[in-house]
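The values are calculated or read from the model by the stated rules, or taken from the named source; none is laboratory data. Every value quoted in this text rests on a predicted model; they were computed, and no experiment measured them. No Cβ is skipped: glycine too gets one built from the backbone with ideal geometry, and neighbour counts run over all protein chains shown.
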Amino acid sequence: MSERADPADVLALPPAARIRERITKVMLADAAADLGIDNKIVDRAVDVASAVVGVIRPETAQIPAGRAGPDVVGDIPVLHLVLAPRATSADQTKLIDLLHRSMARPVILFVTSSKGDDAISLALTHISANNANRSVIDARTFAPLNQLAPGSLRFSVLDRADLAIFYRDLTRVVAARGQPTVAGLTTEQIIQMRRELTALEGDLASTVRAAQSERSHSGRIVLNTRARELRDRIQTVRAALYNPAPTH
């Protein structure tokens, strides 16, 4: 990862769950080809420093195996993908998709950009009916680490009833940015509401910029009205998601 933190330290993994194995470009290219993804993306967008940094198993983390639907969750690898300078946002999305789909188990994926920005990606998946060694993504969440509440990803604060529950709880925390959520919401609902918030906040930022550069009085009125409507919707979604609703 960057000089600031190692993924295993961000999660505060037990020593027995920490390993250091390199993920070669050949391995990624083979997985891409198997999934029908253009493997040229690997040469273009992946740095040489990608790695497996941990494996959470019953014997390494003292968490029993669990079930996600019909699938048994017996281990959870922790991967770290380092992007090359030429990687685009589209490249990043495709590589994240590749890594979540490339194994028949849930994956904790840390991503470091060429600028040193760190993020985490998690996906709720099920084993493919066509390939027992691959997964199908049902829902996914992604967050820059600097948007998460400090300490919210630490192993010790997550639900460790079993590995499937642990992964869903970590996914919930990432989707909620480490903030407490309204009781009764499912992980899938939290992911969807966080996605809506991200879209609304992006739309608001664009609308505010447009209003600042708009020269006509009537145009500014329209844009400012739209900005107010977006702020109201953002507050509504936040109130439905967070408990108590954050003020920022």
Problem set entry | Meets criteria (in a helix (DSSP H, G or I), at pLDDT 95 or above and either of a type in the set (Phe, Trp, Tyr) or surrounded by fewer than 17 Cβ atoms within 10 Å (Cβ to Cβ) (or both)) for Arg168 | no
Problem set entry | Out of Arg215, Arg228, sole residue that is over 25 Å from Ala139 (Cβ atoms), free of Cβ contacts under 8 Å to residues at least 12 places away in the same chain and not in a helix (DSSP H, G or I) | Arg215
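Could you go through region 205-227 and let me know if any residue there is outside the structural domain of Arg57 (by TED's automatic domain parsing) and either in contact with a strand residue (DSSP E or B) (Cβ under 8 Å, 6 or more places away or on another chain) or among the acidic types (Asp, Glu) (or both). Break it down stepwise before answering.
Residues of region 205-227 outside the structural domain of Arg57 (by TED's automatic domain parsing): 205-227.
The next check asks that each one be either in contact with a strand residue (DSSP E or B) (Cβ under 8 Å, 6 or more places away or on another chain) or among the acidic types (Asp, Glu) (or both); those that pass are 214.
Taking every residue of region 205-227 in turn, at least one turns out to be outside the structural domain of Arg57 (by TED's automatic domain parsing) and either in contact with a strand residue (DSSP E or B) (Cβ under 8 Å, 6 or more places away or on another chain) or among the acidic types (Asp, Glu) (or both).
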Seminar exercise, completed: Expected single match for hydroxyl-bearing (Ser, Thr, Tyr) and under 27 Å from Leu148 (Cβ atoms) among Ser206, Ser218 is Ser206
For this session: Identify all residues within region 44-56 that are touching a residue at least 40 places away in the same chain (Cβ under 8 Å) and under 21 Å from the mean Cα position of the chain (by Cα); write none if there are none.
Result: Ala45, Val46, Asp47, Val53, Gly54, Ile56
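Please indicate, with yes or no, whether at least one residue in region 199-207 is of a type in the set (Val, Ile, Thr), surrounded by fewer than 14 Cβ atoms within 10 Å (Cβ to Cβ) and without any contact (Cβ under 8 Å) to a residue 24 or more places away in the chain.
Pass one, region 199-207, residues of a type in the set (Val, Ile, Thr): 207.
Within this subset, residues satisfying the condition of being surrounded by fewer than 14 Cβ atoms within 10 Å (Cβ to Cβ) are none.
Within region 199-207, none of the residues are of a type in the set (Val, Ile, Thr), surrounded by fewer than 14 Cβ atoms within 10 Å (Cβ to Cβ) and without any contact (Cβ under 8 Å) to a residue 24 or more places away in the chain.
How many residues does region 41-70 hold that are under 17 Å from Arg105 (Cβ atoms) and either surrounded by 17 or more Cβ atoms within 10 Å (Cβ to Cβ) or of a type in the set (A, V, I, L, M, F, W, C) (or both)?
Pass one, region 41-70, residues under 17 Å from Arg105 (Cβ atoms): 52-61, 63-70.
Cutting the leftovers down to either surrounded by 17 or more Cβ atoms within 10 Å (Cβ to Cβ) or of a type in the set (A, V, I, L, M, F, W, C) (or both) gives us 52-57, 60-61, 63, 65-66, 68.
Count: 12.
Could you identify the single residue in Asp75, Asp30, Asp38 that is surrounded by fewer than 20 Cβ atoms within 10 Å (Cβ to Cβ), in contact (Cβ under 8 Å) with a residue 12 or more places away in the chain and not β-branched (Val, Ile, Thr)? Lay out the reasoning, then the answer.
Working: Asp30 fails: in contact (Cβ under 8 Å) with a residue 12 or more places away in the chain; Asp38 fails: in contact (Cβ under 8 Å) with a residue 12 or more places away in the chain.
Every option except Asp75 fails the conditions.
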